[in-house]
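Below is one structure; the comments refer to it alone.
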Amino acid sequence: MRYTLIAQACAFSLILATTSYAANTPYTGLDNRLEWTQQESWQIAGKPVDIVRSLDGKNTFILNDQHQVLVYDQQGAIQGTIPVAAGVNAIDIAPQGEFLYLIDKETSQFTAIAVDFVIDIDTVGSPLKGPADAPVSMVIFTDFQCPYCIKLVPLLDQVMEKYKGKIKLVFKNMPLQFHEMAEPSARAALAANEQGKFWEFHDKLFTVAQLKPEAITEIATTLGLDMARFNTDMQSPAIRQKLNKDMLDAQKAGVTGTPTLYINGRKLKQRSLAGFETLINDELKKAGK
């Protein structure tokens, strides 16, 4: 059975201490060899039986005596509840929290649960391809200098053609710091978008063998853009603000690399045609399409 939860990315560190303290007394202290400070604390429903955290620290899973696994984000906000069998007394987790493993002491049964975290991503004002009201929304965070992003373009085109009219592709920038031309290329594409040429510019950027400032100028000229306006927009605070917004949205979604795709908020884990089809068909079924 698949359980869908809502996840948010924040900052939190859980500290466990063996020292006995009165209720509501923070864990903080110092001795000759050890210093400790409570970082966060929250109340949970029921009595805890077992606890695990994803290795990235984004989510905490607490098994309680009410036959539930409570899922918390890094701020201690409850994200969802997974019902489990009465005999489940131990849990474990895959590194990124994509699978939860249960042990039932009464039946001596092992169970693996696939966990999907549905992310809300702000796409207002972002370049999109396909019907704005399409039942399936595919959001991609990408880098114009990323070789894996370049290789994905033909597959994305294939997916868009296969599900034409039922899917839209929303573009979000995530230029990686170690790619020197990624950030100026992102600003250039957004500047081209101001003149209604984003996707044409996007496609040509991904065909350039080696990105250089001259290549950006050549693409803009070839597309017949107003070069004075284009150059001004590239350097404008408004374009930089849009780029920063994309990068902030990536951070909120927990994106750590490119390309990263979400289909109706669910992260694509298998970048193949079959992987796309599985998620898209599932979402179309939900929408009754």
Helix 147-162 vs. the chain, principal-axis angle (Cα, 0 to 90°, nearest 10): 80
Crossing angle, helix 273-286 versus the chain [Cα axis fit, 0-90 degrees, rounded to tens]: 70
Packing-based exposure ordering (other Cβ within 10 Å, fewest first) of Glu283, Glu200, Glu35: Glu35, Glu200, Glu283
Centre separation in Å (Cα based) which lies between the stretch 243-283 and the stretch 140-167: 11
Kirkwood hydrodynamic radius of the stretch 200-276, from inverse mean 1/r over distinct Cα pairs, in Å: 15.2
Acute angle (nearest 10 degrees) that the helix 213-222 long axis makes with the longest principal axis of the chain, alpha-carbon atoms: 60
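Restricting to bridges with both residues inside the chain, how much of the DSSP beta-bridge set is antiparallel, in percent to the nearest 5? Display every interim value, and only then the final one.
Numbers: 37 of 48 bridges.
Once the DSSP bridges in the chain are tallied, antiparallel ones form about 75 percent.
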Relative exposure of Ile113, Ile91, judged by other C-beta atoms within 10 Å (fewest first): Ile113, Ile91
Modelled FRET efficiency - R0 41 Å, Lys47 with Glu98, Cβ distances, 0.05 increments: 0.90
For Phe99, Phe61, Phe178, order by how many other beta-carbon atoms lie within 10 Å, fewest first: Phe178, Phe99, Phe61
Separation between Cα centres of the stretch 65-120 and the stretch 197-238, rounded to whole Å: 48
Inverse mean reciprocal Cα-Cα distance (Kirkwood Rh) of the stretch 128-286, Å: 16.2
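Just so you know, all these numbers are worked out from the coordinates, no wet-lab data involved. What you see is a predicted model, and the numbers here were worked out from it, not measured in a lab. We place every Cβ from the backbone using ideal geometry, glycine too, and count neighbours over all the protein chains shown.
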